[in-house]
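A short reminder: the numbers here are calculations on the coordinates, not readings from a lab. None of these values were measured; they are calculated from a predicted model. Backbone-built Cβ (ideal geometry, glycine too); neighbour counts: all protein chains shown.
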Amino acid sequence: MEIYRLIALIVILSLSVLDLSLTHYYISKYRTWQPEKPFNMMERNPLLVFLWTKMNLIIGSLVGAVIILSLNFIIIKDAHWIFIPILFVVLIFALINHFNNITLLNKLIEQYPSGHLPENIFGKVIGNN
């Protein structure tokens, strides 16, 4: 394995672990605040939503992490080099979105600690307490 692929492997897998950790943190915090909210309303990754629905949040996150990290490893190891910077940019974008979403969620929790969002402000919210 060339040195640049090894460096890319370390960087991408580290970013992926950070992404998966932040996803788990966000979903568990959201789920604590609004326990009836369906997973697909909080996360767009269909693999993770499926695993969380069929298993629970912790087991589904662990299984999803194994699958996603394995796919990232295969992409970095065997795919054309152009996929490495694309994957890097996508992960950076995802991390930026995580920090924005976590900040917004914290503000919502601070403003509405009961988890009930007023219908006159937010409209009908699925999973509203």
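Which value in deg cm²/dmol, rounded to the nearest 500, describes the helix-derived mean residue ellipticity at 222 nm for the chain, given -39,500 (n - 2.57) per DSSP H run of n ≥ 4 and division by the residue count?
After summing the helix terms and dividing by the residues of the chain, the value is -25000 deg cm²/dmol.
Would you work out the relative contact order for the chain, in percent, from Cα pairs under 8 angstrom that are 6 or more residues apart? The partial results should precede the final answer.
Numbers: 95 pairs, mean separation 46.6, N = 129.
It rounds to 36 percent for the chain.
Could you tell me the calculated FRET efficiency between residue 116 and residue 58, based on Cβ-Cβ distance and R0 = 30 angstrom, to the nearest 0.05?
Numbers: r = 27 Å, r/R0 = 0.89.
The computed FRET efficiency comes out at 0.65.
Per 0.36 nm of contour for each residue apart, how much would the distance between residue 21 and residue 128 grow if the chain were fully extended, relative to their Cα-Cα spacing? Let's see the in-between values first.
Values: separation 107, 0.36 × 107 = 38.52 nm, distance 2.51 nm.
Going from the current span to full extension adds 36.0 nm.
Count the lysine pairs in region 3-122 whose Cα atoms sit under 23 Å apart, keeping only pairs 8 or more residues apart in sequence or on different chains.
5
Please list 3J(HN,Hα) in residue order for region 44-61, calculated via the Karplus relation 6.51 cos²θ - 1.76 cosθ + 1.60 where θ = phi - 60°; whole Hz, with x for glycine and proline.
9, 6, x, 5, 5, 4, 4, 5, 5, 6, 7, 10, 10, 5, 6, 5, x, 5
Modelling each spin label as a point 7 Å along the Cα-to-Cβ direction, I'd like the residue 73/residue 92 distance in nm, to one decimal.
The answer from the label model is 2.6 nm.
What does the charge dipole of region 6-129 about its Cα centre add up to, to the nearest 20 debye, if the Cβ of each Lys and Arg holds +1 and the Cβ of each Asp and Glu holds -1?
About 100 debye.
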